[in-house]
Each structure stands twice: as structure tokens, then as C-alpha cells.
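Here is the structure we will look at, set down as C-alpha cells.
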Amino acid sequence: MIETDILLALISPKDRHHIDAVTLLDSLLGEVKISPYSFIELNLLLKSGEILVRDVPAFYDTLSELLKYREVSTFPVKPEYHREAYRLREKYKHLTYFDSLHAAVGIVENLEIVSYDREYAKLTELKYSHPDKYTSR
């Protein structure tokens, strides 16, 4: 499972991790899921101006097509994710809101999370890998 940092690298050719993100998805074609909370996080980054997009509806249409092409799917939102995210934030005070949600999906669905954010390695309940595991040349 990937989260927002891999998504951002994928959609931005200027991102320093762009080629690695493409390589990661190509090497795991059809096996990658994305946290459903990545889309909310992405939307907030757009709203705050952290990410600039000229035509937001066209951006989301293109993103949808890109994820279909790369065979990336997601999970429907479940209350269990929020329960687990709350528990994680209580246990790991350093964990951000969105990181807790992404981690919760990984834990509840028993999936490995692949992210550049090494904070996930501190969560004993979560299977975590850095993208280098899949993109090392």
C-alpha cells in the first residue's frame, strides 16, 4: 500500500522521487493499493496552496486515468480505520493525523506500507518498507 508521498512523486515529473515512484508501480503492477485518505490529504494540499494546479477538475480526471492505467486501487473507508488511527495517535504522540490514518489502513488490512516517511518504521504493529526496497537499481 502506498500513501500520499508516493502519489505526489508519481504525479509530479519534477519531484526527485518521480522516476522511483513510476518504477515502483511498474514493478508491482496491479498489486498496489493507495490509502483512501491520500485523496483527502491531496485535496487539502491543493486547497492550502501547497500544490498548485491550474484546472483542478481536469487534474482529478487525469489522476483517475493515471491510477487506472497504473492499476492502482483503493479501499472503501471503514470505521475500523478511524478506530485504529485513534489508538495509534494515543500510543505514538509524534504521529500526524494523516499518517495515523494511512498506518491504520495498513494494520487493519494487514498490508505493508511503502513510503518515504520513515516514521512508519517506529510503529511496531505496522509492516513498513522504504521504496528503495522495490526500486534499487
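The values are calculated or read from the model by the stated rules, or taken from the named source; none is laboratory data. These numbers come from a predicted model, not from an experiment. So basically every Cβ, Gly included, is an ideal-geometry build from the backbone, and we count neighbours across all protein chains shown.
Tell me, which residue of the stretch 109-137 that is buried (at least 17 other Cβ atoms within 10 Å of the Cβ) and part of a helix (DSSP H, G or I) is farthest from the chain's Cα centre (by Cα)?
Among those residues, the one meeting the criterion is T135.
Sort out which residues of the stretch 69-88 are part of a helix (DSSP H, G or I) and small (G, A, S), and write them in order of number.
The one that is part of a helix (DSSP H, G or I) and small (G, A, S): A85.
Exactly one of (1) under 22 Å from T135 (Cβ atoms); (2) under 15 Å from the mean Cα position of the chain (by Cα) is unmet by S27. Its number?
Of everything listed in (1) under 22 Å from T135 (Cβ atoms); (2) under 15 Å from the mean Cα position of the chain (by Cα), S27 misses just condition (2).
Name the single residue that is farthest from S12 (Cα to Cα) among those in the stretch 59-82 being in contact with a helix residue (DSSP H, G or I) (Cβ under 9 Å, 6 or more places away or on another chain), among the charged types (D, E, K, R) and free of Cβ contacts under 8 Å to residues at least 60 places away in the same chain.
Residue satisfying both the conditions and the ranking: E80.
When you look at A9, is it hydrophobic (A, V, I, L, M, F, W, C), assigned to a helix (DSSP H, G or I) and over 23 Å from K133 (Cβ atoms), yes or no?
On the way: hydrophobic (A, V, I, L, M, F, W, C): yes; assigned to a helix (DSSP H, G or I): yes; over 23 Å from K133 (Cβ atoms): no.
The answer is no for A9.
So the check is Cβ under 9 Å with 6+ separation or different chains; which pairs have a first residue in the stretch 83-112 that's in contact (Cβ under 8 Å) with a residue 12 or more places away in the chain and a second one that's of a type in the set (K, R) and assigned to a loop (DSSP other than H, G, I, E, B)?
V105/K78; V108/K78
Could you count how many residues in the stretch 113-137 are within 17 Å of T23 (Cβ to Cβ) and either touching a helix residue (DSSP H, G or I) at 6+ places or on another chain (Cβ under 9 Å) or in contact (Cβ under 8 Å) with a residue 12 or more places away in the chain (or both)?
So the answer is 11.
Take the residues in the stretch 26-49 that are over 24 Å from K78 (Cβ atoms) and free of Cβ contacts under 8 Å to residues at least 60 places away in the same chain, then tell me which one is surrounded by the most Cβ atoms within 10 Å (Cβ to Cβ).
L46
Among the candidates L29, L44, L67, which residue alone is at pLDDT below 90 and over 20 Å from L123 (Cα atoms)?
L29
Residues are listed down the side, and each one gets a yes or a no for (1) touching a helix residue (DSSP H, G or I) at 6+ places or on another chain (Cβ under 9 Å); (2) over 25 Å from Y134 (Cα atoms); (3) part of a helix (DSSP H, G or I):
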residue	(1), (2), (3)
D20	yes, no, yes
F39	yes, no, yes
L45	yes, yes, yes
P57	no, yes, yes
V105	yes, no, yes
